[in-house]
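Engineer: A single structure is presented below for examination.
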Amino acid sequence: MNEPSSPEAAQRKRLYWHSRRGMWELDLLLVPFLEQRYDALDSADQAAFRELIDEEDQDLFLWLMRRELPQEPVRRRIVQMIIEHAESADSVSHRPV
């Protein structure tokens, strides 16, 4: 992402805005994960994240609040990665007060 108008920068902006949801709880999980972990993911996990944020808020809420698990193994994996990131020490410093 060298140039602000590069395809990578445009995709990053799209991912950021799609990670901002109508529910504060989802914002607190998805945005920090995108900002802190997405670039280090392999291409399969990045694709899983992109597909995940196209899901409905109510499904994301159930999965990320651990009320249900996604049926698909790939989706379950990325959900677990987001939850683990939220619980890790790395994300604590980025949470709003």
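No value in this document is a laboratory result; all are computed from the given coordinates. Every value quoted in this text rests on a predicted model; they were computed, and no experiment measured them. Cβ sites come from the backbone with ideal geometry, for glycine too, and all protein chains shown count toward neighbours.
Engineer: If you line up the long axis of helix 43-52 against the longest principal axis of the chain, both from Cα atoms, how many degrees apart are they, to the nearest 10?
Structural biologist: Result, in degrees: 60.
Engineer: Next question, about the same structure. May I ask which residue of G22, S6, I82 lies farthest towards the positive end of the charge dipole of the chain, with charges of +1 (Lys, Arg) and -1 (Asp, Glu) on Cβ and the Cα centre as origin?
Structural biologist: Of the listed residues, the answer is G22.
Engineer: For the chain, evaluate the Debye formula with one uniform point scatterer on each Cα (no solvent term) and list log10 I(q)/I(0) at q = 0.17, 0.22, 0.23 Å⁻¹, rounded to two decimals.
Structural biologist: Relative scattering, expressed as log10 I(q)/I(0), comes to -0.74, -1.22, -1.32.
Engineer: Report the charge-dipole magnitude of region 7-92 in Debye, nearest 20, computed about the Cα centre from +1 at each Lys and Arg Cβ and -1 at each Asp and Glu Cβ.
Structural biologist: It works out to roughly 120 debye.
Engineer: Sticking with this structure for a sec: Can you tell me the relative contact order of the chain? Whole percent, Cα pairs under 8 Å, sequence separation 6 or more.
Structural biologist: Relative contact order here is 26 percent.
Engineer: I've got another one for you. So, R0 is 41 Å and r is the distance between the beta-carbons of M23 and S43; what FRET efficiency does that work out to, to 0.05?
Structural biologist: In this case the efficiency is close to 0.90.
Engineer: Now, a different point. For the chain, what is the calculated [θ] at 222 nm in deg cm²/dmol (nearest 500), taking -39500 (n - 2.57) for each run of four or more DSSP H residues and dividing by its residue count?
Structural biologist: Dividing the helical sum by the residues of the chain leaves -19500 deg cm²/dmol.
Engineer: Going 7 Å from the Cα of E84 along its beta-carbon direction, which residues of region 14-44 have the amide nitrogen within less than 15 Å of the resulting point?
Structural biologist: So the set is 33, 37-38, 40-42.
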